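S.K.: Let me begin by handing over the structure; questions about it come next.
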Amino acid sequence: MSNPKGLEGIVATESSISSIIDDKLTYVGYDIDDLAENSSFEEVIYLLWNQKLPTQSELDSLKQELADNMSIPQEVIDHLKSYDLKTVHPMAALRTAVSMVGLYDEEADVMEEDANRRKALRLQAKIPTIVTAFARIRNGEEPIAPKSDLGFAANFLYMLKGKDPEDIEVEAFNKALVLHADHELNASTFTARVCVATLSDVYSGVTAAIGALKGPLHGGANERVMKMLTEIGDENRAIEYIEEKLANKEKIMGMGHRVYQNGDPRAKHLKEMSRQLTGITGETKWYDMSVKIEEYIKENKGLPANVDFYSASVYHSLGIDHDLFTPIFAVSRVSGWLAHILEQYSNNRLIRPRAEYVGPNKQAYTPIDQR
Ligand SMILES: CC(C)(COP(=O)(O)OP(=O)(O)OC[C@H]1O[C@@H](n2cnc3c(N)ncnc32)[C@H](O)[C@@H]1OP(=O)(O)O)[C@@H](O)C(=O)NCCC(=O)NCCS
């Protein structure tokens, strides 16, 4: 049996949703660069779930359906209020709340394709509401209902802050959502597929995926990038700080990737947004520091910046709390998880690999009083 550590290089399924070939990322064959420059996040959701770009009327109906399904049960809001608001991480709150929303969905265990697509839509619509509701509740504020005349990206920022966002904020946030939407068989998407391949339900698949995204080697890296930048504090300290971390054999968050060898194609878009937004806020130090670190790590370790590296200073510049960075990743990536869940159901087989046994053999059982 071959057993590459971390399943490196193993092709575990076929998929028509997204691909990484020669360091190029495409969604359903559309280059991520084109989508980042031109499309709304809602168009990308439609693309991932239908394998085609929507017409105007198809897009309008998707937007309407998302707007109609954004509210969450009052019981879930009450539950969010009952957490220890000083210590509970928003990713843990999101994981629990998504599972709980499933309790209030009468179709949760209905496995027909149409029902699964309806659940996908409901979950995509409700996740931003959960994230923003929890963010407000822990600040002692009431959750805000979405505005039906705002798009997905604008509504998120509106529900978070309680005021209409500026155009540049919506543009940046929309682009970040587009760039994070799907990424072939990343750890959380694989988790979702493994879960639903047992013919478990959509809510279980997404809850499991949120758990996988939370880890620092995956989506949890973006929050830690900002923690690192804050610790560094001053651009002139950046290299000394990084050298110390590397000498201690610590990983630099936001750097490196399992698949990309020469660079993550999403990073350049986030880098440019970081440059623009930090210019507007006047806190150019976050961008300058990031560029220094990126160049140093590339030169000394041969590792490229990944999607999480510049998204940190982008979200910070949008005035978003640092521990909401990974939940925002989930707000976008759930579109990809749901596409993969629907694809898995459509041609399912249980995912059950093997382990190479390396433990002891031929042990003689000793009764407990003789051990
Ligand atoms: C993304 C990541 C998990 C991919 O890991 P992987 O393919 O399993 O690679 P490994 O962790 O086995 O690392 C291979 C080598 O590169 C080094 N390396 C990888 N990423 C590194 C990083 N961010 N900082 C410093 N060294 C790193 C490892 O220490 C290891 O070196 P060694 O062979 O001398 O021991 C890894 O690059 C990482 O941990 N990055 C930081 C977390 C992050 O940004 N995650 C978000 C990913 S989108």
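S.K.: Here is a check on your reading of the model: is T55 surrounded by fewer than 16 Cβ atoms within 10 Å (Cβ to Cβ) and free of Cβ contacts under 8 Å to residues at least 24 places away in the same chain?
M.R.: Here the answer is yes, as T55 does meet what is asked.
S.K.: Then there is this: Condition test on E244, is it part of a helix (DSSP H, G or I) and open to solvent by 50 Å² or more (accessible area, probe 1.4 Å)?
M.R.: yes
S.K.: In the range 245-266, what residues are among the small types (G, A, S), within 21 Å of A36 (Cβ to Cβ) and within 11 Å of the ligand (Cβ to nearest atom)? Steps first, answer last, please.
M.R.: If we filter the range 245-266 for residues that are among the small types (G, A, S), which is where we start, we get 247, 254, 256, 263.
If we keep only those that are within 21 Å of A36 (Cβ to Cβ) as well, we get 254, 263.
The one that is among the small types (G, A, S), within 21 Å of A36 (Cβ to Cβ) and within 11 Å of the ligand (Cβ to nearest atom): G254.
S.K.: Turning to a different aspect of this structure: Can you name the residue in the range 213-235 that is within 12 Å of the ligand (Cβ to nearest atom) and outside any loop (DSSP other than H, G, I, E, B) and is also surrounded by the fewest Cβ atoms within 10 Å (Cβ to Cβ) among such residues?
M.R.: The selected residue is R224.
S.K.: Going by the structure shown, is T129 closer than 14 Å to S332 by Cβ, buried (at least 24 other Cβ atoms within 10 Å of the Cβ) and in the same structural domain as I210 (by TED's automatic domain parsing)?
M.R.: The answer is no for T129.
S.K.: Name the pairs: first residue in the range 245-258 and closer than 19 Å to S311 by Cα and without any contact (Cβ under 8 Å) to a residue 60 or more places away in the chain, second residue aliphatic (A, V, I, L, M) and near the ligand (Cβ under 6 Å from one of its atoms), Cβ to Cβ under 6 Å, at least 6 apart or on different chains?
M.R.: M253/A221; G254/A221; M255/L303; G256/L303
S.K.: Take I137 and tell me if it is touching a Lys or Arg at 6+ places or on another chain (Cβ under 6 Å) and either closer than 22 Å to V178 by Cα or modelled with pLDDT of 95 or more (or both).
M.R.: Details: touching a Lys or Arg at 6+ places or on another chain (Cβ under 6 Å): yes; either closer than 22 Å to V178 by Cα or modelled with pLDDT of 95 or more (or both): yes.
Against the criterion (touching a Lys or Arg at 6+ places or on another chain (Cβ under 6 Å) and either closer than 22 Å to V178 by Cα or modelled with pLDDT of 95 or more (or both)), I137 qualifies.
S.K.: Could you list, in sequence order, all residues of the range 51-82 that are part of a helix (DSSP H, G or I) and under 24 Å from H340 (Cα atoms)?
M.R.: E58, L59, D60, S61, L62, K63, Q64, E65, L66, A67, D68 - these are the residues of the range 51-82 that are part of a helix (DSSP H, G or I) and under 24 Å from H340 (Cα atoms).
S.K.: Do we have S274 as away from the ligand (no atom under 14 Å from the Cβ), within 29 Å of A187 (Cα to Cα) and surrounded by 15 or more Cβ atoms within 10 Å (Cβ to Cβ) here? Give the steps one after another, and end with the answer.
M.R.: Details: away from the ligand (no atom under 14 Å from the Cβ): yes; within 29 Å of A187 (Cα to Cα): yes; surrounded by 15 or more Cβ atoms within 10 Å (Cβ to Cβ): yes.
Spelling it out, S274 is indeed away from the ligand (no atom under 14 Å from the Cβ), within 29 Å of A187 (Cα to Cα) and surrounded by 15 or more Cβ atoms within 10 Å (Cβ to Cβ).
S.K.: Among the residues in the range 285-292, are any more than 16 Å from the ligand (Cβ to nearest atom) and under 27 Å from D22 (Cα atoms)?
M.R.: Yes - at least one qualifying residue is present in the range 285-292.
S.K.: Let me ask you something else. Limited to the range 58-84, what total is found for residues that are over 17 Å from K126 (Cα atoms) and open to solvent by less than 50 Å² (accessible area, probe 1.4 Å)?
M.R.: Number satisfying all stated conditions: 2.
S.K.: Can you pull out every residue in the range 83-106 that is in a helix (DSSP H, G or I) and not polar (S, T, N, Q)?
M.R.: P90, M91, A92, A93, L94, R95, A97, V98, M100, V101, G102, L103
S.K.: Restricting attention to the range 110-126, and to residues there that are without any contact (Cβ under 8 Å) to a residue 12 or more places away in the chain and part of a loop (DSSP other than H, G, I, E, B), which single residue is surrounded by the fewest Cβ atoms within 10 Å (Cβ to Cβ)?
M.R.: Looking at the filtered set, the residue picked out is E112.
S.K.: For the range 151-164, which positions are within 22 Å of the chain's Cα centre (by Cα) and either free of Cβ contacts under 8 Å to residues at least 40 places away in the same chain or open to solvent by less than 20 Å² (accessible area, probe 1.4 Å) (or both)?
M.R.: Passing the criteria: F152, A153, A154, N155, F156, L157, Y158, M159.
S.K.: If you check every pair at least six apart or on different chains, which have Cβ atoms under 8 Å apart with a residue in the range 200-224 that is closer than 13 Å to V334 by Cα first and a residue that is within 11 Å of the ligand (Cβ to nearest atom) and open to solvent by 30 Å² or more (accessible area, probe 1.4 Å) second?
M.R.: Note: pairs meeting the criteria are A212/A187; A212/H218; L213/A187.
S.K.: Something else: Within the range 266-287, is even one residue of a type in the set (K, R) and in contact with a Phe, Trp or Tyr (Cβ under 6 Å, 6 or more places away or on another chain)?
M.R.: yes
S.K.: A further question on this structure: Going through S313, S332 one at a time, which residue ends up being in the same structural domain as A93 (by TED's automatic domain parsing), assigned to a helix (DSSP H, G or I), open to solvent by less than 60 Å² (accessible area, probe 1.4 Å) and within 16 Å of the ligand (Cβ to nearest atom)?
M.R.: One residue alone meets the criteria, S332.
The values are calculated or read from the model by the stated rules, or taken from the named source; none is laboratory data. Just so it is clear, the structure is predicted and the values come from calculations on it, not from any experiment. Using ideal geometry, Cβ is built from the backbone for each residue, glycine included, and neighbour counts are taken over all protein chains shown. For accessibility, only protein heavy atoms count, side chains too; no ligands or nucleic acids. Shrake-Rupley method; radii C 1.70, N 1.55, O 1.52, S 1.80 Å.
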